[in-house]
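Just so it is clear, none of the values below were taken in a lab; they were calculated from the coordinates. Because the structure is predicted, anything quoted here is derived from the model rather than measured. Virtual Cβ from ideal backbone geometry, glycine too; neighbours counted across all protein chains shown.
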Amino acid sequence: MKKVSYFLSHPIQYQTPLLQKIEKIKGIDLEVIYFTDHTINGLDKQFGRKIKWDIPLLEGYNYFFLKNFSRKPAVSGAFFGLINWGVVSYLLKKRPDSIVINGWGYFSNILLILTAFFLRIEVIMRAESPLKQEKGKGKINQILKKTIVKLCNKFLYIGKENKAFYLDLGVKENQLFYAPYVVDNDRFLKDIKRYNPEKDSLRNNFQIPKEHKIALSCGKFINKKRPLDILKALNKKKEINLTIVFIGTGHLEKELKEFISIHKLKNIYFKGFVNQTDLYKYYMGADFFILPSGYGETWGLVVNEAMIYSLPLLISDMVGCTNDLVNEGINGFIYPCGDIDELSKHLSYITSLSKSELDKMGSQSSKIIQNYSYKEVIIGLKKAINNKNS
């Protein structure tokens, strides 16, 4: 029986189904350790409101929380937002065979890696960084990361760009194990059966004209998501028959609505925060999906969700998953991040496509995403835990 300790910053809705499946693997004794209870009925600063997820985050696996000693607690990228001195005593007491750690963005992650290294406990790293977002960060940044990876034993890579990132840092092929970023495909597919065209139709609920295509954008209104790019692009093509539905909230919402008012844009709707079990209504009611995100969007799990619901994609080239999930002209299109003219041209072109053409592209999305499930993650994780030659 292998003792595996799985460390996470906080409970995350995308991680919970994976943890529940790892718990069931024969030969693995799993324990999940959280650095903070953020998101458990707490304020999400990026959403700008208190969030209560409708999917239980702490069921189906063993877990506990370490005390966070940070004076300014945060899980939004602040390095000293998580300071958990308890990781040292935990490893001294538990002595797991392996630890799985998700990234190195917090003080607690570094403390954990160093402690495990000195105690000769195997470290399996699952970071998100795509190589294309690492360029230009400077030599010091690269030196620090090369030092960190030397302290780790094995690496779970989430996609092509992430694998390239590890190789660029000097990680060897036999240390790499494929474990893609995924969502709970089965749960989303079950939701499709719940769809009621009369009750759930976006076109009916928002009174969207029949001749309009519906574009869906789903994400927090924060800088890295670049939601304003969509409005700027639409402003250049006001004549096209396009309606945009935004799902999400955040500090940029006021700026978005001011832009709409100033430029007198029409057929734009804001639905606000939508919980996981209600998302299907919006994915199934849309004609295509847009994600204009820039630096910091290391994968983009909303793209996985959109593909499950057979939606064509329009994605910025800076989004981490583009090389894995977007087949140009087949199931979607990629444009240069921040290039409003190109985004505008793509919006116009996709809107001009017939329903059958969009449906054909959407079916390709559905086929591609079938190979991105928890099954692939479990296979990669088991190989990493049981492999002795890395």
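Which one is right for this structure if semi-axes √(5λ) of the Cα gyration tensor in Å is calculated from it: [x] 43, 23, 18; [y] 51, 22, 17; [z] 38, 21, 21?
The listed entry that was calculated here is [z].
At q = 0.14, 0.17 Å⁻¹, what is the base-10 log of I(q)/I(0) for the stretch 185-369 according to the Debye formula with one equal point scatterer per Cα and no solvent? Please give it to two decimals.
-0.71, -1.11
For the pair S356 and L265, what calculated FRET efficiency results from E = 1/(1 + (r/R0)^6), where r is the Cβ-Cβ distance and R0 = 30 Å, to the nearest 0.05? Before the final figure, lay out each step's value.
Details: r = 29 Å, r/R0 = 0.96.
Efficiency at R0 = 30 Å is approximately 0.55.
Rounded to the nearest 0.05, what FRET efficiency do F69 and N386 have when you use their Cβ-Cβ distance and R0 = 35 Å? Working shown, then result.
Working: r = 35 Å, r/R0 = 1.01.
The computed FRET efficiency comes out at 0.50.
Just to confirm a number: summing +1 for Lys and Arg and -1 for Asp and Glu over residues other than S5 whose beta-carbon lies under 15 angstrom from that of S5, what do you get?
Values: positive: K2, K3, K93, K94, R95, R120, R126, K154; negative: E23, D29, E31, D97, E122.
Combined, the nearby Lys, Arg, Asp and Glu give +3.
Which whole-Hz ³J(HN,Hα) couplings does the stretch 316-332 yield from phi under the Karplus relation 6.51 cos²θ - 1.76 cosθ + 1.60, θ = phi - 60°, glycine and proline marked x?
Each residue of the stretch 316-332 in turn: 5, 6, 8, 5, x, 8, 4, 5, 9, 10, 10, 9, 3, x, 9, 10, x Hz.
Would you work out which of Y282, P17, W85 lies farthest towards the positive end of the dipole of the chain? Charges go on Cβ: Lys and Arg +1, Asp and Glu -1.
It is W85, whose Cα lies furthest towards the positive end.
Quick one: give the max-minus-min coordinate of the C-alpha atoms of the stretch 1-153 along each principal axis, largest first, in Å.
43, 43, 31
What number comes out for the charge environment of N241, summing +1 per Lys or Arg and -1 per Asp or Glu over other residues with Cβ under 12 Å away?
+2
Please report the spacing between the Cα centers of the stretch 67-118 and the stretch 353-390 in Å, no decimals.
The stretch 67-118 and the stretch 353-390 have Cα centres separated by 31 Å.
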